[in-house]
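The values are calculated or read from the model by the stated rules, or taken from the named source; none is laboratory data. Every value quoted in this text rests on a predicted model; they were computed, and no experiment measured them. Ideal geometry is used to build each Cβ from the backbone, glycine not excepted, and the neighbour counts take in all protein chains shown.
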Amino acid sequence: MMLFDGGRAPNPRRVRVFLAEKGIEVPMTSVDMGAMGHKAEAVASRNPLRRLPVLELDDGTILTESIAICRYFEELHPEPALFGRGALGRALVEMWQRRIEFNLFQPVSFAFRHIHPAMKEWEVPQVPEWGEANKPKVIDFLALLDKEFSSREFAAGDAFSIADITGLIAVDFMKPARIVVPEEFANVLRWYRSIAARPSAAA
Ligand SMILES: N[C@@H](CCC(=O)N[C@@H](CS)C(=O)NCC(=O)O)C(=O)O
């Protein structure tokens, strides 16, 4: 098994944080994305989308998509459960993972990739107006989350889950995207600080 990892890039980090929470060690090949290593043969031959992370299994099967990779490890190592427990628990984790991915992670990513000069070669065409248009969407969703976090500790309930990992990565990604969590969102900040303090966040 080999995990092709992308260093500081957010999606590869999602998988690393997940593995750290599970206490799983996987052989990794570090791809230098700054040097466009993800466009080179080693990645392109395994993932025609030329994106990371990529997991190659011992029989040569390729898994891409960070959530699909995490689900694979969840099945192999069910504890601690990071995709929820029982019908309702799993559905709630799925709901919040998707809500956070589509309404927070993705707009932050659009803001970064469409505005930051370093992303000019990556995001073609780069449309700065689209990046700017996404910034208020981030703040709107944080307002929604702030209300949610007034009554529970984690994104999908009382237990830490993959939804919190996506949220952590999204909030950390706000820094290079130059979007700040407003101080008034005290519940979001409490949640963020608690998950950022977990040892897995250093992965
Ligand atoms: N939906 C994919 C997204 C993968 C992705 O976009 N990865 C980024 C790094 S965070 C990448 O490889 N970008 C390369 C590029 O845009 O050329 C996942 O969840 O893994």
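A few remarks follow.
Rundown of residues vs (1) under 18 Å from Ser200 (Cβ atoms); (2) in contact with a Phe, Trp or Tyr (Cβ under 6 Å, 6 or more places away or on another chain); (3) outside the structural domain of Phe160 (by TED's automatic domain parsing); (4) surrounded by fewer than 20 Cβ atoms within 10 Å (Cβ to Cβ), yes/no style:
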{"site": "Gly23", "(1), (2), (3), (4)": "yes, no, yes, yes"}
{"site": "Pro27", "(1), (2), (3), (4)": "no, no, yes, yes"}
{"site": "Cys70", "(1), (2), (3), (4)": "yes, yes, yes, no"}
{"site": "Ala81", "(1), (2), (3), (4)": "yes, no, yes, yes"}
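- Annotation: of all residues in the range 109-154 being among the polar types (S, T, N, Q) and free of Cβ contacts under 8 Å to residues at least 40 places away in the same chain, the one that is nearest to the ligand (Cβ to nearest atom) is Gln126.
- Every listed requirement among (1) surrounded by 13 or more Cβ atoms within 10 Å (Cβ to Cβ); (2) assigned to a helix (DSSP H, G or I) is met by Val181 save one, (2).
- For the residues Asp59, Asp32, Asp5, the requirement of being of a type outside the set (Val, Ile, Thr) and touching a Pro at 6+ places or on another chain (Cβ under 8 Å) singles out Asp5.
- Counting only residues that are at pLDDT 95 or above and within 12 Å of the ligand (Cβ to nearest atom), the range 7-30 holds 9 of them.
- Pair list, Cβ < 6 Å and 6+ apart or interchain, from the range 158-174 residues that are charged (D, E, K, R) to residues that are in a helix (DSSP H, G or I): Asp164/Ile195
- Residues of the range 50-86 that turn out to be more than 10 Å from the ligand (Cβ to nearest atom) and at positive phi, as a count: 3
- Met33 being more than 17 Å from Ala201 (Cα to Cα) and either touching a residue at least 40 places away in the same chain (Cβ under 8 Å) or more than 8 Å from the ligand (Cβ to nearest atom) (or both): no
- Residue pairs whose Cβ atoms lie under 7 Å apart, sitting 6 or more positions apart in sequence or on different chains, and linking a residue in the range 1-15 that is within 13 Å of Gly34 (Cα to Cα) to a partner that is near the ligand (Cβ under 8 Å from one of its atoms) and part of a loop (DSSP other than H, G, I, E, B), are Asp5/Leu52; Asp5/Pro53; Gly6/Leu52; Gly6/Pro53; Ala9/Leu52.
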